[in-house]
1. Consider TYR216 against the criteria (1) more than 16 Å from the chain's Cα centre (by Cα); (2) within 13 Å of the ligand (Cβ to nearest atom); (3) of a type outside the set (A, V, I, L, M, F, W, C): it satisfies all of them except one. Which criterion is unmet?
2. Take region 162-186 and flag every residue that is over 15 Å from ILE57 (Cβ atoms) and touching a helix residue (DSSP H, G or I) at 6+ places or on another chain (Cβ under 7 Å).
3. Kindly provide the set of residues from region 32-66 that are closer than 20 Å to GLY191 by Cβ, out of contact with any Leu (no Cβ under 7 Å at 6 or more places or on another chain) and part of a strand (DSSP E or B), ordered by number.
4. Return the pair list, or none, for Cβ contacts closer than 9 Å from residues in region 136-153 that are surrounded by fewer than 17 Cβ atoms within 10 Å (Cβ to Cβ) to residues that are aromatic (Phe, Trp, Tyr), at least 6 apart or on different chains.
5. Which of the residues spanning region 178-191 are outside any strand (DSSP E or B), touching a strand residue (DSSP E or B) at 6+ places or on another chain (Cβ under 9 Å) and either of a type in the set (S, T, N, Q) or within 9 Å of the ligand (Cβ to nearest atom) (or both)?
6. Working carefully through the options TYR112, TYR88, find the one that is surrounded by fewer than 21 Cβ atoms within 10 Å (Cβ to Cβ), within 16 Å of the ligand (Cβ to nearest atom) and under 20 Å from SER345 (Cα atoms).
7. Looking at region 214-232, which of its residues are in a loop (DSSP other than H, G, I, E, B) and surrounded by 10 or more Cβ atoms within 10 Å (Cβ to Cβ)?
8. Identify, please: which residue in region 118-135 is outside any loop (DSSP other than H, G, I, E, B) and without any contact (Cβ under 8 Å) to a residue 24 or more places away in the chain and is, among those, surrounded by the fewest Cβ atoms within 10 Å (Cβ to Cβ)?
Amino acid sequence: MQKVVPFVDLKSQYQSIQPAINATIQNVLNEAYFVQGRQVGEFERQYADYVGIKHCIGVSNGLDALRIALSALGVGVGDEVIMQANTYIATALAVSAVGATPVFVDCNPDTYMIDTALIEGEITPRTKAIMPVHLTGCAADMEPIMDIAQRHNLWVVEDAAQAHGTFYKDKMCGSIGHAAGFSFYPGKNLGAYGDGGAVTTNDAALAEKIRRIANYGQRVKYEHIEKGVNARLDTIQAAILSVKLPHLQAWNEARAQHAKKYDELLSGVGDLKMQKTPTGSTHTYHVFIIETDQRDALQKHLAYNGVNTIIHYPTPPHRQEAYAELGIPAGRYPHAERLAKRTLSLPMYPELSDAQIVYVADQVKAFFK
Ligand SMILES: *Cc1c(COP(=O)(O)O)cnc(C)c1O
């Protein structure tokens, strides 16, 4: 029988917590407070405590979390925001959404995090913020980033969409910058059953402003003190997230176990290179990435043998048609562009079995034989 190893398996996770999920959804239906129900505030409190921060504001998705954080910090038209070139398009789109311009810097070729030594070279009088991305489940090197930001009077907005539960030294991602954006897209380490997101911050005034912007710029009902948007977290999604949050640590630990097993089985195979966990960071393995010169052929071979993989990401934002206006030539960010050609993400989710990992590794080994 042909085996199939999916890239993620949201069904098996649902089955493992089905009674609690069904009960909480039923509860929301019974209470019928579908927008801004009490479950939203409850989840916000729980998630703030988990991250180790004072304020959490539930929003509609990760992109909205980032753009509302930028907007609340006053980043707008004519401003520049520095980020790494090898990120998901949403980081750049959040900056564009407030009318500012993303300015890219290359990444470290081994850890894939932003190369902090390149940040100051890109600072101009228009620079307003740095957006480090905690990519793959690792933390960006926040100490030098906060240091640069302080010296140049810049905001730091963490893109923590791939780093639920990741620690940088003794702090959790999302508690280090002036604000942070999380995504609860279903496939993220903490995922809703639809879109969802959150902003975290220690600044009470900023938190209030973010909450206001996400809710029509409304201070009290029908009193609008700025032009906000509708970007609230649904009650049902908040209720689901509250059921899932207590499992997050165990799920992240399971991911780390699977990564260890992949590492053992795959080290020294072919020309494979594995991601290096950055110093000072834990790894929550939102994705497990391997690198090879034969990436496309390996992906085809794995697909043929029932192993689903994804490329994170085949085209960096500066090479997307959407950002043609920036006129950035190919080759400008060599490490990011090399990774786009070489990386492959293997199946990774908490419910993955040892037998599945061995099967995936065997298929990879067979390719390189
Ligand atoms: C998923 C993701 C986002 C966007 O989150 P959505 O909820 O899909 O809008 C932003 N940044 C990164 C790095 C992501 O992985």
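1. The failed condition is (2).
2. Those that are over 15 Å from ILE57 (Cβ atoms) and touching a helix residue (DSSP H, G or I) at 6+ places or on another chain (Cβ under 7 Å): GLN162, ALA163, HIS164, GLY165, THR166, TYR168, MET172, ILE176, TYR185, PRO186.
3. The answer is CYS56, ILE57.
4. Qualifying pairs under 9 Å: GLU143/TYR168.
5. Of everything in region 178-191, those that are outside any strand (DSSP E or B), touching a strand residue (DSSP E or B) at 6+ places or on another chain (Cβ under 9 Å) and either of a type in the set (S, T, N, Q) or within 9 Å of the ligand (Cβ to nearest atom) (or both) turn out to be PHE184, TYR185, LYS188.
6. One residue alone meets the criteria, TYR88.
7. ALA214, TYR216, GLY217, ILE225, GLU226, GLY228, VAL229, ALA231
8. Among those residues, the one meeting the criterion is GLY121.
The values are calculated or read from the model by the stated rules, or taken from the named source; none is laboratory data. Computed from a predicted structure; not experimentally measured. Virtual Cβ from ideal backbone geometry, glycine too; neighbours counted across all protein chains shown.
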